[in-house]
Amino acid sequence: MTDRTAVLVLGLGNVVCTDDGAGIAAIHKLVREYDLPEGVEALDGGTLGLSLLPLVDRADQVILVDAIRAAGPPGTQVRIEGDEVAPAVYERLSPHQIGVADLLAGASLIDRYPDRVIILGVVPESVDLGLGRTPAVEASIPGLVERVVEELAALGYPPVRRVRSEQHDEGNRITDHVARTLGL
Amino acid sequence: MTHIVVDPVTRIEGHLRIEAEVDGGKVANAWSSSTMFRGIEIILQGRDPRDAWAFTQRICGVCTTVHAIASIRAVEDAIGAKPPPNARLLRNLIIASQCIQDHVIHFYHLHALDWVDIVSALEADPHETSALAQSISDWPKSSATYFKGIQDRVKSLVERGQLGPFANAYWGHSAYKLPAAANLMAVAHYLEALEWQREFIKIHAILGGKNPHLQSFLVGGMATPVDPDAQASLNIHTIAHFKKLIAGAQEFVSQVYVPDLLAVASFYKDWAGYGAGVGNYMVYGEYPLDDEPSPELYIPSGVIRNRDISKVEEFDPSKITEQITHSWYDYEGGDGQALHPSEGETSPNYTGPEPPYQRLDTSRKYSWLKSPRYDGVPMEVGPLSRMLVSYVRGHEKVQGLVNHVLGTLGVGPEALFSTLGRVAARGIETQVLVDKIGDFVDDLASNMGSGELRIHDNSKWEPSTWPDDCTGAGFHEAPRGALGHWVRVQDGKIARYQCVVPSTWNAGPRDSGGMPGPYEAALVGTPVADPEQPIEILRTVHSFDPCMACGVHVVDSGGREVTRVKVR
């Protein structure tokens, strides 16, 4: 296959459910502030579930960025890998968890489960309806982005912090407008 | 009398709870409750109406395009923007491809496991499966070796305990009627459908770039440039790519989906006698074929009452109301009101039991869904409604396919009013759409050829061109049925917004007169062999293709149990 992605960084969550959008907010911040090396793709997957299969099954390694129910106060950083991933997507991710479970099960069923799946996230305080995150979780987003950057570096794909924002093409202009509209 | 609670109903998006009373092996009474609050309307107030689609797109992970389409149509209706022909064609292409993909996923990945026993498939003789497959279709993947390979793959998943979506079903239940060979064929096609849908939906990627959320929606048109010679736009190469994907879809639907549907249905003909429901069917209509104010629609609008297929009424949007007698909301003018969505209110007021709870008090409020009514009566929406209205209106393609399916199964038109009828109608619609969608691409190509490249009406883009106070409605046939958005724009901002979604029509609770909603009515009479394993309830509920995620928000945050059936 020619269109393989070495590392897919996929934000998950619902941006109109407050802290559930933490992972999406982190992805947009990452893309705004860093240049990603060749082979790395960072995308806002929302709650699309199975529709994300074409992205996941062409990736060698996947970093899912999400809100995760876990011990610890809101904003606590969480990392899940290996055998812990499957139970986590069934039990610990936020409301869209079933879609994520279907996504990973689907990749497995067609024999294209990525070589490595890592979940990075923060503990939500609220997943109530609303735009924007609670203060504790919003404050944890820069740290979450740092974790993604470190993880990419450890995989051999270090992102480079951008000095100033670059000229965007038309597609990015729309994406930027939508992201700003959604408070990301 | 046994009281059954199925909560959550699995293999759906979102959170649905069914309570049923079973008497003498049949459902005597049923209640449908959404335990999620939907309130996107509240977020939209005060915002720029041109951005509304970006919010409504995030309501649901399954239906992102449908809420965007309904939203831009509602806003265009309010401000008077007129999308040019290319925008209409691009939207038709998006809508039809979404519907085709959704129906295939529903049949194989959400609904098939109610009819297909995976465990039995492991015991099948691959040679028998091969003979069966070759007897019903020319689809090339049909050798005994191929089916043996599939069987081994699933066996190894089972042995490793990685059942994934195959876990938590009622394997071995006496209600499964397919022979082992047919079960194995269906499992193979389950996996093929998974591959196929990921390929087909590239249509959206071509239209919207890499972003998983299609972002080319625009009030007044579309943001997808159309130019035969330009690189970053729809051009002759993308047209060719569309045609290839559509040809693949036609093959898959006519050689796999429809033959499978007929094969499975032939073993479950008794289900043509269950699940009829309210017997009223409503369609807003879809796929405008011209750019007139009231365009001809490829799938026509209309209303059928009391299963009377001798006539179709014209659909009149002013007859839609929503009641909240049994819904956790307040209306300013009192809970007894029936409000038109343009005057709709979203004031949540949860008065149900503190979760986790055993029983809902269904004599009071018991759902986060409102009760939509048309001219005061409940309406079923979705593929069955669409195929019925098209059939009665004389839609040649639909009539031909419906008659073919009825003839093959040896049943009359009355069989359509049932759980099985709903499943069949979805397959028929998929075939109708894969045979039509290429026309939208051809028309785009022909516009390109004649130099018609407009994609947007920007004459109404600036808020200064809008009336100070205006209202609009956006109607759309989503895969699951009639979807409406209503908007009021005052001084350039959204003053009021209401969505009435298909699953609210179908899954809503009883109304002020105690009249059940479509799920509730359809479940009555459904047989239940074993109250501990109510697979029959899932069959009827899943036949509607529930999608409750428009609710956005899970109230019960206590960790989702994979499935929970309570019998008392």
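The values are calculated or read from the model by the stated rules, or taken from the named source; none is laboratory data. Since the model is a prediction, treat every value here as computed from it, not as a measurement. Here the Cβ is made from the backbone with ideal geometry for all residues, glycine too, and neighbour counts use every protein chain on show. All accessible areas refer to the heavy atoms of the entire protein, side chains included, with ligands and DNA or RNA removed. Shrake-Rupley method; radii C 1.70, N 1.55, O 1.52, S 1.80 Å.
Miscellaneous remarks
- Hits in region B:138-152 - residues which are touching a residue at least 12 places away in the same chain (Cβ under 8 Å) and within 30 Å of A:VAL89 (Cα to Cα): B:ILE150, B:GLN151
- Residues in region B:192-209 that are open to solvent by 10 Å² or more (accessible area, probe 1.4 Å) and facing another protein chain (nearest Cβ under 8 Å) were compared, and the one that is modelled with the lowest pLDDT is B:GLY209.
- Some residue of region B:89-102 being under 25 Å from B:VAL6 (Cβ atoms), surrounded by fewer than 22 Cβ atoms within 10 Å (Cβ to Cβ) and modelled with pLDDT of 90 or more: no
- The residues listed here are A:ALA88, A:ALA71, A:ALA136; of these, the one that is over 15 Å from A:ALA25 (Cβ atoms) and over 16 Å from the mean Cα position of the chain (by Cα) is A:ALA71.
- Residue list for region B:417-450, restricted to those being over 18 Å from B:SER390 (Cα atoms), open to solvent by 50 Å² or more (accessible area, probe 1.4 Å) and either under 31 Å from the mean Cα position of the chain (by Cα) or free of Cβ contacts under 8 Å to residues at least 24 places away in the same chain (or both): B:ASP439, B:ASP442, B:ASP443, B:SER446, B:SER450
- Residues in region B:212-257 that are on the phi < 0 side of the Ramachandran plot, part of a loop (DSSP other than H, G, I, E, B) and modelled with pLDDT of 95 or more: B:VAL219 alone.
- Counted residues, region A:14-41 - those being free of Cβ contacts under 8 Å to residues at least 40 places away in the same chain and part of a strand (DSSP E or B): 1
- Members of region B:505-527 that are part of a helix (DSSP H, G or I) and open to solvent by 10 Å² or more (accessible area, probe 1.4 Å): B:ALA521
- Any chance B:LEU184 is in contact with a Ser or Thr (Cβ under 7 Å, 6 or more places away or on another chain), within 27 Å of B:GLN250 (Cα to Cα) and at pLDDT 95 or above: yes
- Test: A:TYR157 is part of a loop (DSSP other than H, G, I, E, B), aromatic (Phe, Trp, Tyr), within 28 Å of B:LEU194 (Cβ to Cβ) and more than 15 Å from the chain's Cα centre (by Cα): no
- Test: residue in region A:29-43 that is at the interface with chain B (Cβ under 9 Å from one of its Cβ atoms), at pLDDT 90 or above and open to solvent by less than 40 Å² (accessible area, probe 1.4 Å): yes
- Test for A:VAL122: is it buried (at least 22 other Cβ atoms within 10 Å of the Cβ), more than 14 Å from chain B (Cβ to nearest Cβ), within 14 Å of the chain's Cα centre (by Cα) and modelled with pLDDT under 95: yes
- Filter result for B:LEU163 (within 9 Å of chain A (Cβ to nearest Cβ) and surrounded by fewer than 18 Cβ atoms within 10 Å (Cβ to Cβ)): yes
- Residue in region B:82-92 that is touching a residue at least 60 places away in the same chain (Cβ under 8 Å), over 14 Å from the mean Cα position of the chain (by Cα) and within 14 Å of another protein chain (Cβ to nearest Cβ) present: no
- Breaking point among (1) under 27 Å from B:PHE55 (Cβ atoms); (2) out of contact with any Asp or Glu (no Cβ under 7 Å at 6 or more places or on another chain); (3) open to solvent by 10 Å² or more (accessible area, probe 1.4 Å), for A:ARG79: (1)
- From the list B:LEU234, B:LEU262, B:LEU218, B:LEU184, the lone residue that is within 22 Å of the chain's Cα centre (by Cα) and not basic (Lys, Arg) is B:LEU262.
- Residue match in region B:484-504 (condition: closer than 30 Å to B:SER390 by Cα, open to solvent by 10 Å² or more (accessible area, probe 1.4 Å), part of a loop (DSSP other than H, G, I, E, B) and modelled with pLDDT of 95 or more): no
- Condition met for B:VAL158 (open to solvent by 50 Å² or more (accessible area, probe 1.4 Å), modelled with pLDDT under 95 and in contact with a Phe, Trp or Tyr (Cβ under 7 Å, 6 or more places away or on another chain)): no
- Test: A:ASP57 is over 24 Å from A:PRO142 (Cβ atoms), open to solvent by 20 Å² or more (accessible area, probe 1.4 Å) and within 13 Å of chain B (Cβ to nearest Cβ): no
- Residues of region B:39-59 include at least one that is within 14 Å of chain A (Cβ to nearest Cβ), without any contact (Cβ under 8 Å) to a residue 40 or more places away in the chain and of a type in the set (Phe, Trp, Tyr).
- The lone exception for B:VAL377 - which of (1) of a type outside the set (Asp, Glu); (2) touching a Lys or Arg at 6+ places or on another chain (Cβ under 8 Å); (3) closer than 16 Å to B:ILE309 by Cα it fails: (3)
- Residue list for region B:411-431, filter: out of contact with any His (no Cβ under 8 Å at 6 or more places or on another chain) and assigned to a helix (DSSP H, G or I): B:PRO413, B:GLU414, B:ALA415, B:LEU416, B:THR419, B:LEU420, B:GLY421, B:ARG422, B:ALA424, B:ALA425, B:ILE428, B:GLN431
- Residues that are of a type in the set (Lys, Arg), out of contact with any Asp or Glu (no Cβ under 8 Å at 6 or more places or on another chain) and closer than 16 Å to B:VAL187 by Cα are absent from region B:157-175.
- Residue in region A:89-108 that is within 8 Å of chain B (Cβ to nearest Cβ), open to solvent by 40 Å² or more (accessible area, probe 1.4 Å), part of a helix (DSSP H, G or I) and among the aliphatic types (A, V, I, L, M) present: yes
- Verdict on A:LEU129 being open to solvent by 10 Å² or more (accessible area, probe 1.4 Å) and either closer than 26 Å to A:ARG58 by Cα or facing chain B (nearest Cβ under 9 Å) (or both): yes
Okay, residues lined up against (1) out of contact with any Lys or Arg (no Cβ under 9 Å at 6 or more places or on another chain); (2) at pLDDT 90 or above; (3) at positive phi; (4) within 13 Å of chain B (Cβ to nearest Cβ):
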residue	(1), (2), (3), (4)
A:GLY11	yes, yes, no, yes
A:ASN14	no, no, no, yes
A:VAL62	no, yes, no, no
A:ILE68	no, no, no, yes
A:VAL78	no, yes, no, no
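- For B:ARG480, the stated conditions hold: it is over 30 Å from B:ALA230 (Cβ atoms), of a type in the set (Lys, Arg) and in contact with a helix residue (DSSP H, G or I) (Cβ under 7 Å, 6 or more places away or on another chain).
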